[in-house]
């Protein structure tokens, strides 16, 4: 077992890269050394088209790995081979910004910098208004799935600013780039590319038209294709699970996702913690077979290392302990309970889950304030 199990967030510097167009220039025809020889040539030889380098650009569909993928889709799912070849000849399978972005995600920033991105007045205020506008759907989702409105809204807020910014990459370009040109996670993204083609075929969607993130997630909740196929909900009842344009479908789908991944109704998510002494740095690592961020020690066990929640919780509650990098300020200490772990199933990052949790708390305060103001305005009007 390791001697140190507290979670450390590693700083990564995000740099932007530009997409550059690569042109293939044809070779120029050779010039004659003198005008006299040129004239002679013209008078004694028939006119011909200048010889140029006409090497055809290799078809994307004929690359070995792409062709292998196409053949598997034909054999496994009865896709038409010619149609897939035509499709992949229009796909960018080596998008430079995609690889650059996934190699330096914002989730790798220290907490105090990551927090600044999402804990903005605009995001909080827009989320509170979103709550008012979609209260009926949010209440329905809570009753059916047990996931509270503030968590659903916070995920939408972190992912796409409540559906406003869903990404500008073609999904098929992003997935193909990562499947064929990003070896660290090629297997995962090859599976997602497979799921994407199935999804677009099932829903009669143009696979070249869908836009999303650099990682191939799309729609207001930024579902990966496999999650879209498994968890998307047709709340509106129009026969379509439309997570791009129907926010109510997105709300229901997020709730369904969290519920299916183990959300516990009305249970806490996290708690601020305090530490005493130096033993908090010596909590043994949980078994390696345990899923990342899944709580293993209960509060009674953590207290033996000087880690306790600021407020009182049952000693049997299991939690993970987190020390968040707060820059020049003292570190923040937190405990993440089971529902915090469920949020990490959406995005396996402590930063991400903490941003969702913290934003959800701010949304609750802002929403309650709007309710108070609306109640007062109504009372003044009837007075």
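The values are calculated or read from the model by the stated rules, or taken from the named source; none is laboratory data. This one's a predicted model, so the numbers in the text were calculated from it and none came from an experiment. All Cβ positions, glycine included, derive from the backbone under ideal geometry; neighbour counts span all protein chains shown.
What to note about this one:
- Per-region count, region 171-191, residues out of contact with any helix residue (DSSP H, G or I) (no Cβ under 9 Å at 6 or more places or on another chain) and within 23 Å of residue 253 (Cα to Cα): 0
- Per the conditions (1) modelled with pLDDT of 95 or more; (2) within 23 Å of residue 221 (Cβ to Cβ), the sole criterion not satisfied by residue 303 is (2).
- Among the residues making up region 129-168, those that are closer than 19 Å to residue 107 by Cβ and touching a strand residue (DSSP E or B) at 6+ places or on another chain (Cβ under 8 Å) are 166, 167.
- Residue within region 319-328 that is under 27 Å from residue 221 (Cβ atoms), modelled with pLDDT under 95 and outside any loop (DSSP other than H, G, I, E, B) present: no
- Test: residue in region 146-158 that is modelled with pLDDT of 95 or more, part of a helix (DSSP H, G or I), buried (at least 19 other Cβ atoms within 10 Å of the Cβ) and more than 17 Å from the chain's Cα centre (by Cα): yes
- Residue 230 free of Cβ contacts under 8 Å to residues at least 60 places away in the same chain, out of contact with any helix residue (DSSP H, G or I) (no Cβ under 7 Å at 6 or more places or on another chain) and farther than 23 Å from residue 182 by Cα: yes
- Single residue of 305, 280 found to be in contact (Cβ under 8 Å) with a residue 60 or more places away in the chain, farther than 30 Å from residue 91 by Cα, surrounded by 14 or more Cβ atoms within 10 Å (Cβ to Cβ) and more than 23 Å from the chain's Cα centre (by Cα): 280
Listed here are the residues, each with its yes/no results for (1) outside any helix (DSSP H, G or I); (2) free of Cβ contacts under 8 Å to residues at least 40 places away in the same chain; (3) at positive phi.
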position: 92; (1), (2), (3): yes, no, no
position: 101; (1), (2), (3): no, no, no
position: 124; (1), (2), (3): no, no, no
position: 136; (1), (2), (3): no, yes, no
position: 142; (1), (2), (3): no, no, no
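Residue-by-condition table, conditions (1) modelled with pLDDT of 95 or more; (2) out of contact with any strand residue (DSSP E or B) (no Cβ under 6 Å at 6 or more places or on another chain):
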residue: 259; (1), (2): yes, yes
residue: 262; (1), (2): yes, yes
residue: 273; (1), (2): yes, no
residue: 281; (1), (2): no, yes
residue: 290; (1), (2): no, yes
residue: 294; (1), (2): yes, yes
residue: 299; (1), (2): yes, yes
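- Only one entry in 163, 237 is out of contact with any helix residue (DSSP H, G or I) (no Cβ under 9 Å at 6 or more places or on another chain) and at positive phi, namely 237.
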